1. For the cross-link pairs LYS457/LYS594; LYS253/LYS548; LYS506/LYS548; LYS211/LYS386; LYS253/LYS308, which exceed 28 Å when the distance is taken from alpha carbon to alpha carbon?
2. Tell me whether the range 374-444 comes out rounded, prolate or oblate; compute the Cα gyration tensor, take square roots of the eigenvalues as a ≥ b ≥ c, and use a/c under 1.5 as the rounded threshold.
3. Which of the trypsin sites (Lys or Arg not before Pro) across the range 301-410 are loop residues per DSSP, with 14 or fewer other Cβ within 10 Å?
4. How high is the relative contact order of the range 559-626, in percent, counting Cα pairs under 8 Å that sit 6 or more residues apart?
5. How large is the charge dipole for the range 374-444, taken about the Cα centre, if only the Cβ atoms of Lys, Arg (+1) and Asp, Glu (-1) carry charge, to the nearest 20 debye?
6. Just want to confirm a number: the relative contact order over the range 456-647, from Cα pairs under 8 angstrom separated by 6+ residues, in percent.
7. For the range 72-146, list log₁₀ I(q)/I(0) at each q in 0.15, 0.20, 0.22 Å⁻¹, using the Debye formula over Cα point scatterers of equal strength and ignoring solvent, two decimals each.
8. So which of LYS424/LYS447; LYS447/LYS638; LYS579/LYS602 end up more than 20 Å apart, counting from Cα to Cα?
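Please treat every number below as a calculation from the coordinates, not as lab data. Values in this document were obtained by computation on a predicted structure and should not be read as measured data. With ideal geometry, Cβ positions are generated from the backbone for all residues, glycine too; neighbour counts draw on all protein chains shown.
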Amino acid sequence: MSDNKYEFNPNEFNPNEFNDPNNRNNNNRPNGGNNNKKKGQTIMSFVFMALIALFIVSLVTSRFSSYNKKETDYSDFLAELDKHNIATVEFSSAQINYTLVKDDSANYEITYYTGRIVSDETALMERLKTEKTSDDKPIEIRATVPDNTSTWIVNILSMVIPFILFWFLISLLMKKMGGGSMGVGKSNAKVYVEKSTGVTFKDVAGQDEAKETLQEMVDFLNNPGRYRQIGAKLPKGALLVGPPGTGKTLLAKAVAGEAGVPFFSLAGSDFVEMFVGVGASRVRDLFKEAQKMAPCIIFIDEIDAIGKSRDSRYGGGNDEREQTLNQLLAEMDGFDTSKGILILAATNRPEVLDKALLRPGRFDRRVIVDKPDQKGRLETLKVHAKDVHMDESVDLDALALASAGLVGSDLANIINEAAINAVKHRRKFVNQSDLFEAFELVAVGGKEKKDRVMSDKERKIVAYHEVGHALVSALQKNSEPVQKITIVPRTMGALGYTLQTPEEEKFLQTKEELIAKINTYMAGRAAEMLVFESATSGAANDIESATKIARAMVTMYGMSDTFGMMALATVENQYLDGKAGLICGEDTAALIDKEVLSIINKAYDDAMQMLIENREILDKISEYLFQKETITGKEFMKMFREMKGLPDEEPDENAKKLESFFAEEHAKQDEAAKEAETAPEPEMFEPEVQPEENTSVFQDVAPTKSGNYNESEMVWHNGRFVKKDDLRDDMFEE
């Protein structure tokens, strides 16, 4: 596809008699020493946490007590007594507590205390009996009787209650984290049994080669005797490699579902923690639990989170991750395959994995789960559509052909979006137009942004830009056929697009086909310069895509006369963005830039020349697109052949499928337009008196498909009805 935004590239538990007589009682061995050790560690943890709790409680209690109690000197107490400012006096066993009548130092009542002087107490008591407060009231004199029992109870409760509280909180925390010493080193793996897995190979489509490879492992788990007779061993592990969304996790669950064994599932990030050694502890716990439930399958998704190479180029030097990796390597070497433990792992970054992890004896097999071909896409669509009600118009073959380059998750999303669209239009069955709309939503760039208002000039520029792509594509022999051209903006940012899809599955691209692609990308900007003599930002994605192809031709494909078949770059992320990194010096990199620029400039000149020679066709089709907004590839090619005087060609079977798929939605749009044209106009209120300027005269006039608007949208201005949104401020400056 060539447009200013997107590009399409061609392309329960059941042991199953799996038992070893020599290991029959492995799970019943005495383990009292380890258990006692663990219990002792747990109790010590509780005691330690309780001591910390007591310290915190005493600290908080003393802190709050300091707010309403304050120690003073005995002389300060006598001074306040001389001022008649003592309100109450309380004698305890060791101190005198008193409060003031007026206390300017605080907004709340503070109890002051000072030490007792026994030699002065007789005189002090006589004075307190005769003294008055500033309010001419007698001073209240009290004495406390010590209660040792309550004191002991309070002290004991202050120690026990925090201990019980923390014991309760830690117990809850352990349950949440899975047990152990606060659960830090406990495995977080989810364990599925056969009934809850519910996935078999019938639920996986488009990956026949991967299923065939994994089926052998399933057969080994189900029938181990056959393989032992000949001396074969179960492979320790299989690494599932492929782009995101191709079904690696689903395949792993299908293996467990087919084998009917427990399935431990966790992600690589579940091993990663801030504390060094925690990840390694979780690896040990995982394999210990797996050996108890053998035969079983361990699945580690995104294993690159812990299996990344220890080389400094890939971020080596992380102690926690390296310890986790070392423990994983040791466990994979240490367990006995006769127990029936199979390790499956998935990643889309195999190039960053440690070499020691990839060697035979750990991951014996690498299973490629790549993007499905046309047959695989059709099977995938059928799997996801089996529970969706579809009418007779649905052609999944055409959708499979049009969706080249999409993965299983994309196809599942298309089917689901089509079903949602059918419900939105109050239909009980999904039709072809629903599928096309879902295809555009998922594969092209979001929904149509019908509320975006573009000026006629911008719409015309976009029309010429998109027709430029389509015209240059039609004038070349090695380009992909145009299926749709539109200038309707979409929510993902594209103001329009030209959709091209291959009529057959392709796995190789020739130099001529790549040059034709670059020419098509350049044609959008060339059309802008030819007609409007001005460049716009709409070609940004075209330039980026063309540069990417040209650079790949020079650095990786050996399609440059200057460098020949010299490898100048290598792909760094094969299954992610496909980004390539240069493996050459700075001077060579500068020469590469010049070579790439020359390819792009030549492609631009060729596209410009083709448009100049076919200017009349460009103008006529662009005007037609400007009026219609969307045209099909069939319409475009009919106009192109008529103006070029070329005979009509009979399309092959695949071309007919694509035409019918992309024409369905267009026919639906034409039908809606005709309904709008033939809809009766509503009767409008005719005013007997000429209305005043800028006042509304509409009464309950509903908006219709033909363009009438309700009262809130129209005003009378200069003898005619005008939409409020069309009025400018300067219209009122007359």
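1. Cα-Cα > 28 Å for LYS457/LYS594; LYS253/LYS548; rest within.
2. Values: a/c = 1.77, a/b = 1.46, b/c = 1.21.
Because a/c hits 1.5 or more and a/b exceeds b/c, the range 374-444 counts as prolate.
3. Qualifying residues, ordered by number: LYS386.
4. Dividing the mean separation by the residue count of the range 559-626 yields 17 percent.
5. In total the dipole reaches around 180 debye.
6. Computed value for the range 456-647: 28 percent relative contact order.
7. Values returned for q = 0.15, 0.20, 0.22 Å⁻¹ are -0.47, -0.85, -1.04.
8. LYS447/LYS638; LYS579/LYS602
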